[in-house]
Structure formats: C-alpha cells, structure tokens
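See structure below.
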C-alpha cells in the first residue's frame, strides 16, 4: 500500500486570539490544548515530524501523550526546521536550539540552527522549501507507511493544494504517481494563502481519495 502523509495544523495559540501578538513563539491557549487532545487520527503513525515551535510541539504532545517521556519513543520523532511557518511575523519566530532543548529535553533539535536566524520569507524560497520537504518525505515513504506532520497553515499552503487548514485540522495525502505528476490539473493549483497559481511539484502530494471532500 502506498504511504500516507497526515498533515495536522497546530491548535489555537495565543497569536490566533490576540491579533498583533507581540511575542515570539506563542504557546497553545487553553482551548488549543483541549482541541488538540481530541485530534484522532484513523491510524497510528510510524513516524512523527514536527515544526520546531512551541505550539506545534505542544500539539504533538497532546496528540501523542507518550512524547512527554524522555528516552526513546515507541514511534520515531524528528524535528524539521523546514516545517516552520512561512511568514515573518514576530509570532512565527522561534527560540534558539538551547532554549528549545531546555523546554523540551525529550526531543532532538540538532537540525535546528543554534539561533532562530532563518532567512526572511519570500514566495520563491517557500516554494523551494516545500518541494524540499516533499522530496524528503517521499524518500522516507519507502520506509514508513503513515507519516504524521504537525505544522502551520502558511507552509501548508505551499506544500499541498486545497482550501486553508483550520486550527487543529488534519488531512491525509498520498504521493502522485509518475503519470499523475505530469498532469497539470493535478500538479498546478491555487496557493490558499497567496491566492496565486502555483506548481506543487515536481514531487506532488494528492489528497487521499477518502478525504477529497476536504479539498
């Protein structure tokens, strides 16, 4: 069976309810913690990938309580800086590697920069980053059959076609076949944030047939 990629947007965080939130890396609100504890994937993932921000890490821990434990997890977990948000607002600037490791010592942040000094956002860079993520995911899909990704609305808009993700929303995708990836109707679409037409390839993720009503 082809691998499935389950993309989850984090739950409600402080910046989602306090417009103009002036601080870096806001945590989940009380409502965000409640809603993310209720996220129910239809399968148990065999790999979990998380953006290195407090709200995505807290969402992952709420979804998978075993991630509170130190030591090796039953399911492999990786922190990917490329899953960070695609927007330069202060709320989307994260913590240093040392601070992240202090707050969440159970995770490996070795892929993260020592300081949160990633390049400023641009559409071109986000498109490139999204393809880099998809290509890396496709490589992992040879080993893992159900990959869960906890990330953000903005970068999701560059990763896959479809309407905007709601808070704590999850959707399931599969990789396009070689033939499908050559089809412009499958490969091209509207970016749900920029509202501009975008090429979502050459590595393409397609909404799983059972969830096409969410496209």
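If you go through the stretch 81-103 and pick out every residue that is touching a helix residue (DSSP H, G or I) at 6+ places or on another chain (Cβ under 7 Å) and farther than 22 Å from residue 32 by Cα, you end up with 1. When the residues of the stretch 70-87 are filtered to those that are surrounded by 14 or more Cβ atoms within 10 Å (Cβ to Cβ) and assigned to a loop (DSSP other than H, G, I, E, B), the one that is modelled with the lowest pLDDT is 73. Only one of 154, 166 is out of contact with any strand residue (DSSP E or B) (no Cβ under 9 Å at 6 or more places or on another chain), within 29 Å of residue 20 (Cα to Cα) and touching a residue at least 60 places away in the same chain (Cβ under 8 Å); which? Sole residue among the options that is out of contact with any strand residue (DSSP E or B) (no Cβ under 9 Å at 6 or more places or on another chain), within 29 Å of residue 20 (Cα to Cα) and touching a residue at least 60 places away in the same chain (Cβ under 8 Å): 154.
Please go through the stretch 1-25 and give me each residue that is part of a loop (DSSP other than H, G, I, E, B), touching a residue at least 24 places away in the same chain (Cβ under 8 Å), out of contact with any strand residue (DSSP E or B) (no Cβ under 7 Å at 6 or more places or on another chain) and surrounded by fewer than 21 Cβ atoms within 10 Å (Cβ to Cβ), ordered by number. Can you show your working first?
Going through the stretch 1-25, the residues part of a loop (DSSP other than H, G, I, E, B) turn out to be 1-3, 10-12, 18-25.
Within this subset, residues satisfying the condition of being touching a residue at least 24 places away in the same chain (Cβ under 8 Å) are 1-3, 10-12, 21-25.
Now drop any that are not out of contact with any strand residue (DSSP E or B) (no Cβ under 7 Å at 6 or more places or on another chain), which leaves 1, 21-25.
Selection gives 1, 21, 22, 23, 24.
Has the stretch 100-121 got at least one residue that is closer than 30 Å to residue 197 by Cβ and buried (at least 20 other Cβ atoms within 10 Å of the Cβ)? The answer is no; no qualifying residue exists. Can residue 131 be described as under 20 Å from residue 78 (Cβ atoms), within 17 Å of the chain's Cα centre (by Cα) and part of a loop (DSSP other than H, G, I, E, B)? The answer is no for residue 131. Can we say residue 58 is surrounded by 13 or more Cβ atoms within 10 Å (Cβ to Cβ), part of a loop (DSSP other than H, G, I, E, B), under 18 Å from the mean Cα position of the chain (by Cα) and at pLDDT 95 or above? Against the criterion (surrounded by 13 or more Cβ atoms within 10 Å (Cβ to Cβ), part of a loop (DSSP other than H, G, I, E, B), under 18 Å from the mean Cα position of the chain (by Cα) and at pLDDT 95 or above), residue 58 does not qualify.
With the requirement that a residue be crowded, with 22+ Cβ neighbours inside 10 Å and farther than 15 Å from residue 130 by Cα, what does the stretch 163-175 give you?
First pass over the stretch 163-175, keeping only residues crowded, with 22+ Cβ neighbours inside 10 Å: 165, 168, 173.
Residues satisfying the conditions are 165, 168.
Could you tell me which numbered condition residue 48 fails, if it satisfies all but one of (1) in contact with a helix residue (DSSP H, G or I) (Cβ under 6 Å, 6 or more places away or on another chain); (2) more than 18 Å from residue 98 (Cα to Cα)? All conditions are met except number (1). In the stretch 27-45, the qualifying residues are those that are out of contact with any strand residue (DSSP E or B) (no Cβ under 8 Å at 6 or more places or on another chain), without any contact (Cβ under 8 Å) to a residue 60 or more places away in the chain and not in a loop (DSSP other than H, G, I, E, B), and the one that is nearest to residue 100 (Cα to Cα) is 33. Looking only at residues in the stretch 26-50 that are surrounded by 24 or more Cβ atoms within 10 Å (Cβ to Cβ) and within 11 Å of the chain's Cα centre (by Cα), the one that is farthest from residue 153 (Cα to Cα) is 49.
The values are calculated or read from the model by the stated rules, or taken from the named source; none is laboratory data. For clarity, every value in this text was computed on a predicted model and none was experimentally measured. Every residue, glycine among them, receives a Cβ derived from its backbone with ideal geometry; neighbour counts consider all protein chains shown.
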